[in-house]
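For reference, the structure is listed below as structure tokens.
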Amino acid sequence: MIEELLEAIHAAPDDDAPRLVYADALLERGDLRGELIVRQCRGDAAHDLVEQHGDAWLGELAPLLTASVFERGFL
């Protein structure tokens, strides 16, 4: 299911609907990145989430990027 949701996001990068469905799936798993996606898609502040979890979400890219690169929950 997750793979299909990611494919839908990649197929329609300007459409928030697939992102929000993906966010719900992440939240059901307890993944706070779903909250990041929801907040950023709604235009709400998500600085606290990015500050707390951004490096973990970036993984190996953390030394190369700043966590502020997230846009609507994705790089």
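If packing is taken as the average count of other Cβ atoms within 10 Å, what order do 38-45, 21-28 fall into, highest mean first? Don't jump to the answer; show the numbers that get you there.
On the way: 38-45: 14.2, 21-28: 16.8.
Top to bottom by mean Cβ count within 10 Å: 21-28, 38-45.
Please tell me the relative contact order of the chain in percent, rounded to the nearest whole number, where contacts are Cα pairs under 8 Å and at least six residues apart.
Relative contact order for the chain comes out at 24 percent.
Quick one: among Leu61, Leu20, Leu32, which has the greatest mean-square fluctuation in a GNM of the chain with alpha-carbon springs under 10 angstrom?
Leu61
With each run of n ≥ 4 DSSP H residues scored as -39500 (n - 2.57), what mean residue ellipticity at 222 nm is computed for the chain after dividing by its residue count and rounding to the nearest 500 deg cm²/dmol?
After summing the helix terms and dividing by the residues of the chain, the value is -18500 deg cm²/dmol.
Taking only the alpha-carbon positions of the chain and ignoring solvent, what does the Debye formula give for the base-10 log of I(q)/I(0) at q = 0.14, 0.25 Å⁻¹?
Computed log10 I(q)/I(0) values: -0.41, -1.22.
Please report, as a whole percent, how much of the solvent-accessible surface of the chain comes from carbon and sulfur atoms (probe radius 1.4 Å). Walk me through the numbers before you get to the answer.
Details: 2500 of 4890 Å².
After summing per-atom areas, the C and S share lands at 51 percent.
Could you state the accessible area per residue of the chain in Å², with a 1.4 Å probe and every protein chain left in place?
65
The values are calculated or read from the model by the stated rules, or taken from the named source; none is laboratory data. Note that the coordinates shown come from a computational prediction; the quantities given were computed from them, not determined experimentally. Note: ideal-geometry Cβ built from the backbone for every residue, glycine included; neighbour counts use all protein chains shown. Just the protein is used for accessible areas: all its heavy atoms, side chains included, with ligands, DNA and RNA removed. Shrake-Rupley method; radii C 1.70, N 1.55, O 1.52, S 1.80 Å.
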